[in-house]
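Everything on this sheet refers to the single structure shown next.
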Amino acid sequence: MQLHEIVDAVTADEPPLAHRVDDIVAAGRRAERRRRAGFASAGAAGLVAVAVGGVFALSPGGSPAPNGTRTGTVGAASKATEATWGASEPFTFTFQGYDAGKFQVQDPIVASTAYQIASVYEKGRTTNDRPSSDDATGSLEEKKRGGGDPTLYAYLTVYRPGAFDPSGIKGGKAVTVSGHKAVQSSLPVGLDPKNSIDPANKQLAWEYTDDAWAVVTSISSDERDPSFADLGELAAGLKPGTPRPATVPFTVGYTPAGYEPVQTGTHALPGLDGIASAREGDYGGATFAKPAPATTGLTEPFDSGENGVKGSFQIFVTPSHNSNQQAQAGRTKCYANGFCNVWSADGKVQVQVTDEGTSADLPEAELKKIAQSVKVADVTDAGSWTPATKALRP
């Protein structure tokens, strides 16, 4: 554990959460550390919060759809197979969840200017956001030695045409999967390029339509399962659906000059943090960056690095009970390490604006101004949420 992680943990308002797998690697590791520390982008304090100069609306009953849960019906999926891949705007979902061999691909919950991301689960395996059983035990290393429940942290990234560059895959091997051009590769420990290759970490990319690629990233406790052949079944199952805009449960009234929206989460936090906590019950979020990252030549999502998107700030909207911060109903509170929180009048919803760890270094007054410009919709009624392309433009 590094010094800043220790500081994060001891400065949170409440004891760190510990109900998820501790040893998730890659992007999940960063989100897991943040969750344990209270969710301030790697900082102390707690996820969520900010918004109200805005209006929080909480209906007395009802609850949002579970994060990471597929909502498409069998009939809808069959209709999607008749569709064709076409042009779509950024922040658009163009496919639905589907089953493929041993895998269950969920509906995509992350959208950006270059891609969309969905969680991938396998029955009987503990994932980064849910155990396979109530008595799941053992660290990732223990599981790799044959002890404890097997684990899998996997996600499917579907890139827009022209966004992904397969030639940038280090150590890639050209193959053909279900009639598609593809590249397979093994990934390093922790997905850190400075580390040695771990055969249990795999990546398979395939061209799902002209100049457009999809990539499954798989971090497993067993180098034999899933195999590349297993992962290849995802290629055959990926079909186009009716494009639908990514929505968020809030609108933003102010952003500093030059910052552009680059990534969102629907029923989730934005980016890989949202995938790492897909079933935690979070409502939504967005990432703004200055400058916005390139939308071509990509080999991984924008926030794959340890500190997320460089020069960015994020907005998180979540249930207060998902935070390590003690809810302070109706209040706004800013913290020295780079974030501001706002709680709903009844204390049930938090919004957080944070730039901690991203080198954006916005003044506290700016973070507070952003936070107080956010208006939160009825978090229990996803039908009332706003398309990201409109919600994120003051």
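The values are calculated or read from the model by the stated rules, or taken from the named source; none is laboratory data. Keep in mind it's a predicted model, so treat the numbers as computed, not measured. Keep in mind that these areas ignore ligands, DNA and RNA; they rest on the heavy atoms of the full protein, side chains included. Shrake-Rupley method; radii C 1.70, N 1.55, O 1.52, S 1.80 Å.
Between amide H atoms placed 1.01 Å from N, distances below 5 Å from K181 occur with E207, all of them 5 or more places distant or on a separate chain. Per-residue Karplus couplings for the range 100-111, computed as 6.51 cos²θ - 1.76 cosθ + 1.60 with θ equal to phi - 60°, are listed in order as 8, x, 7, 9, 10, 7, 8, 4, x, 10, 10, 10 Hz, Gly and Pro entered as x.
Please give every one of the lysines within straight-line cross-link reach of K181, meaning a C-alpha to C-alpha distance under 24 Å, and leave out same-chain neighbours fewer than 8 residues apart. Within the straight-line cut-off, K181 pairs with K102, K170, K173, K202, K239.
Accessible area per residue for the range 244-360, computed on protein heavy atoms with a 1.4 Å probe, is 30 Å².
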